[in-house]
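Reviewing the structure listed below.
The values are calculated or read from the model by the stated rules, or taken from the named source; none is laboratory data. This structure is a prediction, so every number in the text was calculated from the model and none was measured. Neighbour counts are summed over all protein chains in view; Cβ atoms, including those assigned to glycine, are modelled from backbone coordinates with ideal geometry. Each accessible area value is taken on the protein alone, full model and side chains, heavy atoms only, with ligands, DNA and RNA left out. Shrake-Rupley method; radii C 1.70, N 1.55, O 1.52, S 1.80 Å.
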Amino acid sequence: MKFLIVFVALFAVALAEEVPIVRSEVDIEPNNYSFDWATNDGQAAQAKGELKNVGTDQEALSVQGSYRYVDNDGVEHSLSYIADENGFQPQSADLPVPVQA
Ligand SMILES: *[C@@H]1O[C@H](CO)[C@@H](O)[C@H](O)[C@H]1NC(C)=O
């Protein structure tokens, strides 16, 4: 749930600075959800989550998402991730290449 808190926090920051929102979609269903938003300064985030194996011992939330922003030097940064029963798996050119054990 930590990643959700991060996105809510990013969204709150976007609102606090009154950056115009150019896209904002949310769909919440009993066993899945999605959101997709963007501001006019290059910030955006989207994710789709689905509860898998509902009602079984293997019930797990599976989320695919991404976010991007433009830093103070005008460079765009982005990260995409999968978060599921195998953990949080981010992919970004900004991240160091994992060392293979
Ligand atoms: C989300 O759930 C709704 C109803 O519960 C279903 O109709 C829809 O196909 C689901 N969407 C995805 C992407 O699984």
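Does residue 76 fit the bill of being modelled with pLDDT of 95 or more, open to solvent by 70 Å² or more (accessible area, probe 1.4 Å) and acidic (Asp, Glu)?
Numbers: modelled with pLDDT of 95 or more: yes; open to solvent by 70 Å² or more (accessible area, probe 1.4 Å): yes; acidic (Asp, Glu): yes.
Against the criterion (modelled with pLDDT of 95 or more, open to solvent by 70 Å² or more (accessible area, probe 1.4 Å) and acidic (Asp, Glu)), residue 76 qualifies.
Is it the case that segment 31-45 has a residue that's within 16 Å of the ligand (Cβ to nearest atom) and within 22 Å of residue 95 (Cα to Cα)?
Filtering segment 31-45 for residues within 16 Å of the ligand (Cβ to nearest atom) gives 31-36.
This time we only want the ones that are within 22 Å of residue 95 (Cα to Cα), so: none.
Taking every residue of segment 31-45 in turn, none turns out to be within 16 Å of the ligand (Cβ to nearest atom) and within 22 Å of residue 95 (Cα to Cα).
Residue 71 - would you say it is in contact with a His (Cβ under 7 Å, 6 or more places away or on another chain), open to solvent by less than 70 Å² (accessible area, probe 1.4 Å) and not small (Gly, Ala, Ser)?
Values: in contact with a His (Cβ under 7 Å, 6 or more places away or on another chain): yes; open to solvent by less than 70 Å² (accessible area, probe 1.4 Å): yes; not small (Gly, Ala, Ser): yes.
Criteria met by residue 71.
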